[in-house]
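Here is the structure we will look at.
The values are calculated or read from the model by the stated rules, or taken from the named source; none is laboratory data. All values reported here derive from a predicted model rather than from experimental measurement. Neighbour counts are summed over all protein chains in view; Cβ atoms, including those assigned to glycine, are modelled from backbone coordinates with ideal geometry. Each accessible area value is taken on the protein alone, full model and side chains, heavy atoms only, with ligands, DNA and RNA left out. Shrake-Rupley method; radii C 1.70, N 1.55, O 1.52, S 1.80 Å.
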Amino acid sequence: MNSSNQKKRNFQIEAFKHKVVVDPKYADKTWKILEHAITEIYNHNASGLSFEELYRNAYNMVLHKFGEKLYSGLVGTMTLHLQEMAKTIEAAQGNLFLEELNRKWNDHNKALQMIRDILMYMDRTFIPSNRKTPVHELGLNLWRDNVIHSSKIQTRLLDTLLELIQKERTGEIINRGLMRNIIKMLMDLGSSVYQEDFEKHFLEVSADFYRAESQDFIECCDCGDYLKKAERRLNEEIERVSLYLDSKSETKITNVVEKEMIASHMLRLVHMDNSGLVNMLIDDKYEDLGRMYNLFRRVPNGLPTIRDVMTSHLRETGKQLVTDAEKLKDPVEFVQCLLNEKDKYDKIINLAFSNDKTFQNALNSSFEYFINLNPRSPEFISLFVDEKLRKGLKGVSEEDVETILDKVMMLFRYLQEKDVFEKYYKQHLAKRLLSGKTVSDDAERSLIVKLKTECGYQFTSKLEGMFTDMKTSQDTMQGFYAAYAAELGDSPTLVVQVLTTGSWPTQPSITCNLPAEMSALCEKFRSYYLGTHTGRRLSWQTNMGTADLKAIFGKGQKHELNVSTYQMCVLMLFNSADRLSYKEIEQATEIPSSDLRRCLQSLACVKGKNVLRKEPMSKDIGEEDAFFVNDKFTSKFYKVKIGTVVAQKESEPEKQETRQRVEEDRKPQIEAAIVRIMKSRRVLDHNNIIAEVTKQLQSRFLANPGEIKKRIESLIERDFLERDSSDRRLYRYLA
Amino acid sequence: MNKLGRGHRDKVHQFMTITGTSEKAAYQALKASDWHLEGAFDAFYSQPQPKSYTDARRLEDLYNRYKDAYADMIMADGITLLCSDILVDHQDIVMLVLSWHMKAATMCEFSKQEFIGGLQSLGVDSIEKLREKIPFMRSELKDDQKFREIYNFAFGWAKEKGQKSLALDTAIGMWQLLFAEKHWPLVDHWCQFLQARHNKAISRDTWSQLLEFAKTVDPQLSNYDVDGAWPYLIDEFVEYLIENGIIQNGQLSDWTQKH
């Protein structure tokens, strides 16, 4: 402190000025201290050091502008130590190499930490402002340059690592912990070190390895086994990455495996004899298929390959199915086979292909393709439904009924000629309704609703009309019997179904001669009906009715015979005659001859149902044949069913006829579509009309462009359309 | 006229021959189109015929000459007489052209209105004048536009009254007549095809479209477009030609020599 008689001056607190003599040797001395400390640290002798003193020394150096000396000293010392460490590592023999490397790396990291702490002031001040590499990073770089990239270590390290991995791949156990540490070391040194010094080579070597292995496997394994092996390898690599590699390597190594093991051999695998994709599909090998799906999904074009093979196989088997003459003999069996095939593939796609939509689409398009190869598919599907609704669904739970109907609808959707189906369905439904042979009204209606949802109101309006007629007829019968109760006491019971023409399939029929009892009754009904419905016309469809007759035969056998109307007419004649010739029967009944022959055959020539006897006993009906009641008729059943009007597969001529009618029905539909389109567009060119008409009619049938053209010409004839005067490809709507 | 150069004189003569006009009219037409023959033809045919004066009474007399004894129209006999008067065979295509001018409704008869109206529009009121008009009428067939009109007119004219379509035999006869003027190499195959495969009457659309077909599609069918909105019958004809080897590799083979 100054004495009070000093000159007065501004009171300032001045910065601490240690009048230190800048000893030129000062820096050297300080550096020597630090250098020694670093050596001690590397020699595991750090315990004798004073952190505070060292820190202060380093701090002073930087303060006194000797940062450069400190830094370069650090670089030099550390380098020397690292070079020594490198020598030790190089000297390690065999397996000890990696261990030594690991040990030295740990040592270095510990040392580096301490050194960094000591030199923290420099790290925070001198280094940033002079753009030097920070201490920690510097330490890593020096390690990299002097140890990892030393000529004796670099290659040896890589080779060792790859060798270990190879060993592990061939089933040996390796020290994973050590691997992890070494790899982590490489990662710590920077991603380029990891990639250049390890990953790049790892991937190359792996590619070679898997290329060779896959070649071996494919020569000796079948498809399923090969895929198992491939999957295992893939999982191994993923595990390897998680255990001791950089996670970023996962995609890269899996790509290698995928390419070498799967992509390169994709086609060979899929088409392998006896074990390839087709065999797996045939044998329902869900696990193998699932594995193939999961593996192939990883490679470009993998799934399309599976899909294409599946599609062509499906189309081929489907085509065989629909053209197999044996199967075609039984329509119900045929359709059941189709359903089975669909179920099979649905299951495969569900269990193995994880419900992949593209596979479902392929399935659908294949089915659509082959179902329509057989022009009888619509008829057969209707027959299948008919069988189910007549008896097949008896006793089946409501839920199961719905399932079956939904499956039928699914097949229906594949049909291109839906109008053909409609025609047959109507015929078969009519027979079911009129013979009272439907298992469940609810099931019938449920199917109609499904058809309506699919195709619209127009499709089902007539079908619904048929149901309505049945119901209305019931009510009419009730009214009839109520009104005539007194008079009808003794008469046979009459049940009439009044069918609205237009809703029911048309069949021209000539009314035959009914027995007197019946015709009187029928007339009563007619007058009753027309009394309440003036302006209508009734015509009896004698080719569609049934009758129940109680008969007593020669030995007193009593039976109830369930017959067709025609058969009834024939049988009733025998109430007043013992013997009748064919001609007499024909005259009396006026049944058309082909129907009459069929009728007589069913009454006289079928074992177990021969209520009539024919002379001569031949199978065919001749003009001169004579008929008698078969007094010796026996049957173990009281009720004998002789005449049934059951839907069955059409004969060739019937089929032609139906086809013709369908074609005829299509013409007005095509015309209506053309007119509709032209009315709104006014002017349209030829190709566009064809396209639009086809599109509009698609839900019912596939319109033939030639037919569309003919309809257009017909419409031109009738002045609905005209060609444009300057562009002959253009059509104009004529209002 | 004497001052005309040789080239121009030739042109005048050509023009007169083809159109049947007078020398003066030919000269004027050519001069107006700068002595380009084609241009002169175009101009000539697109303008209405100069309406020359016709005597109504003379037309009346002429009508009465040909009129049928029992009906107020000219029937078969009258037409035969007319043909011999103008020195034209009654099967000659010129009669079709004449009927066209008359806007006759049906072949083999002319109503009074049709007859008189037709002659008036031609500017003739005597047999001689009509005879003079014949070369002109023939020339009209050479004009594309007029030929089309005459061709399409022929359909309505040749078919039975009250029918919508033209009977096949008549159609074939008409086609042979018409395509003799405007040569179409496939006409015989077409007629054979119809007799073999079609055997039904011809609709108006088919009739008119056939001309388009003959004009636009070359006989080798190289530019036949299957999506070309041709009537169905024509598509069938093309199939027929290919099936029977008449058109092979785009060549019209000399089928007639094989059969």
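Spatially, region B:12-29 and region A:335-374 are offset by 81 Å when compared through their Cα centroids.
Each Lys and Arg contributes +1 and each Asp and Glu -1, all at the Cβ; summed about the Cα centre of chain B, the dipole is approximately 880 debye. Rounded to the nearest whole Hz, the Karplus-based 3J(HN,Hα) values (6.51 cos²θ - 1.76 cosθ + 1.60, θ = phi - 60°) of region B:56-65 follow the sequence 5, 5, 4, 5, 4, 4, 4, 4, 4, 4, with x at glycine and proline.
Once the chain from A:Thr251 to A:Lys639 is taken as fully extended at 0.36 nm per residue, the excess over their C-alpha distance is 131.9 nm.
Straight-distance candidates among the lysines for linking to A:Lys285, with alpha-carbon spacing under 27 Å and chain neighbours fewer than 8 residues away dropped: A:Lys228, A:Lys229, A:Lys259, A:Lys319, A:Lys327, A:Lys342, A:Lys344, A:Lys347, A:Lys357, A:Lys407.
Treating r as the C-beta distance of B:Thr80 and A:Lys462 and R0 as 60 Å, the FRET efficiency rounds to 0.45.
Percent of alpha carbon pairs in region A:546-641 separated by more than 19 Å? Here the long-distance tail beyond 19 Å is 33 percent of all Cα pairs in region A:546-641. Sorted largest first, the principal axis extents computed over the alpha-carbon atoms of region A:24-147 equal 50, 32, 22 Å. With only Cα atoms counted, region A:469-532 has Rg and Dmax values of 12.8, 36 Å.
Considering the protein assembly as shown at the alpha-carbon level, its Rg and Dmax are found to be 52.5, 173 Å. Taking only the Cα atoms of region A:100-258, the ratio Rg/Rh comes out at 1.11, with Rh defined as the Kirkwood radius. Among B:Asp235, B:Asp205, B:Asp34, the largest mean-square fluctuation in a Gaussian network model of chain B (Cα springs under 10 Å) belongs to B:Asp34. Comparing Cα centroids, region A:414-480 and region B:123-140 end up 74 angstrom apart.
Using R₀ = 51 Å, calculate the FRET efficiency as 1/(1 + (r/R₀)^6) where r is the Cβ-Cβ separation of B:Lys129 and B:Asp218; round to 0.05.
Once the sixth-power term is evaluated, E becomes 0.75.
Where a ≥ b ≥ c are the square roots of the eigenvalues of the C-alpha gyration tensor, would you call chain B rounded, which needs a/c under 1.5, or, failing that, prolate if a/b is larger than b/c, or oblate? Here chain B falls in the oblate category. The P(r) of region B:109-247 has a tail past 26 Å containing 33 percent of all C-alpha pairs. Lysine pair count for region A:24-147 (Cα-Cα distance under 17 Å; residues 8 or more apart in sequence or on different chains): 9. Placing a label point 7 Å from the Cα of A:Gln474 along the Cα-to-Cβ direction, the residues of region A:420-446 whose backbone N falls under 14 Å from that point are A:433-434, A:436-445. Residues of region A:53-67 falling in the label zone of A:Ser129, defined by backbone nitrogen less than 16 Å from a point 7 Å along Cα to beta-carbon, are A:59-67. Evaluating 6.51 cos²θ - 1.76 cosθ + 1.60 at θ = phi - 60° for every residue in region A:56-61, the Karplus couplings come out as 4, 5, 5, 4, 4, 4 Hz, glycine and proline recorded as x.
For the protein assembly as shown, with every protein chain kept in place, what is the accessible area per residue (1.4 Å probe, Å²)?
53 Å²
Summed over qualifying helices (DSSP H, 4 residues or more, each -39500 (n - 2.57)) and divided by its residue number, the protein assembly as shown shows a 222 nm mean residue ellipticity of -19500 deg cm²/dmol.
Modelled label positions at A:Glu99 and A:Thr453, each set 7 Å beyond Cα in the direction of Cβ, lie 7.4 nm from each other.
For A:Thr546, the residues whose amide H sits under 5 Å from its own are A:Thr565, ignoring neighbours fewer than 5 places away on the same chain, with H placed 1.01 Å from N.
Spatial offset of region A:205-250 relative to region A:25-64 amounts to 54 Å, using the alpha carbon center of each.
Phi-derived couplings, Karplus 6.51 cos²θ - 1.76 cosθ + 1.60 at θ = phi - 60°, listed residue by residue for region A:673-685: 5, 4, 5, 4, 5, 5, 4, 8, 8, 6, 10, 8, 8 Hz, with x used for Gly and Pro. The alpha-carbon of B:Lys11 sits under 12 angstrom from the alpha-carbons of these aspartates and glutamates, leaving out residues fewer than 8 places away in its chain: B:Glu23, B:Asp34, B:Glu38. With each pseudo-label sitting 7 Å past Cα toward Cβ, what's the B:Ser33-A:Lys228 distance in nm, one decimal? The two pseudo-label positions are separated by 9.3 nm. Modelled this way, with points 7 Å down the Cα-to-C-beta line, the labels at B:Lys112 and B:Ala180 are 3.5 nm from one another. Seen through its C-alpha gyration tensor, with square-root eigenvalues sorted a ≥ b ≥ c, region A:183-234 comes out prolate because a/c lies at 1.5 or above while a/b is bigger than b/c.
With a 1.4 angstrom probe, the accessible area lost at the A-B interface totals about 1300 Å². Just to check, using Stokes-Einstein with a Kirkwood Rh over alpha carbon pairs, what's the diffusion coefficient of region B:15-109 at 4 °C and 1.567 mPa s in µm²/s? For the chosen part, D equals 81 µm²/s.
For B:Gln248, the residues 5 or more places off, or on other chains, whose built amide H falls under 5 Å of its own are B:Ser253.
If packing is taken as the mean number of other Cβ atoms within 10 Å per residue, what is the order of A:173-179, B:148-154, highest first?
In decreasing order of mean packing, A:173-179, B:148-154 become B:148-154, A:173-179.
On the basis of the beta-carbon distance and an R0 of 30 Å, A:Ile238 and A:Asp346 show a calculated FRET efficiency of 0.40. May I ask you to work out the translational diffusion coefficient for region A:655-733 at 20 °C, viscosity 1.002 mPa s, via Stokes-Einstein with Rh from the Kirkwood sum over Cα pairs, reported in whole µm²/s? In µm²/s, the coefficient is 167.
Can you pull the Rg over Rh of region A:387-444, Cα-only, Kirkwood?
Computed over Cα atoms, the ratio is 0.99.
Full extension of the chain between A:Asp324 and A:Cys337 yields a length gain of 3.5 nm, computed as 0.36 nm times the residue separation minus the alpha carbon distance. Note on chain B: GNM, Cα springs under 10 Å; of B:Leu98, B:Leu141, B:Leu87, the largest mean-square fluctuation is that of B:Leu87. Remark: the A:Glu137-A:Ser576 segment gains 145.6 nm on full extension, using 0.36 nm per residue and subtracting the alpha carbon distance.
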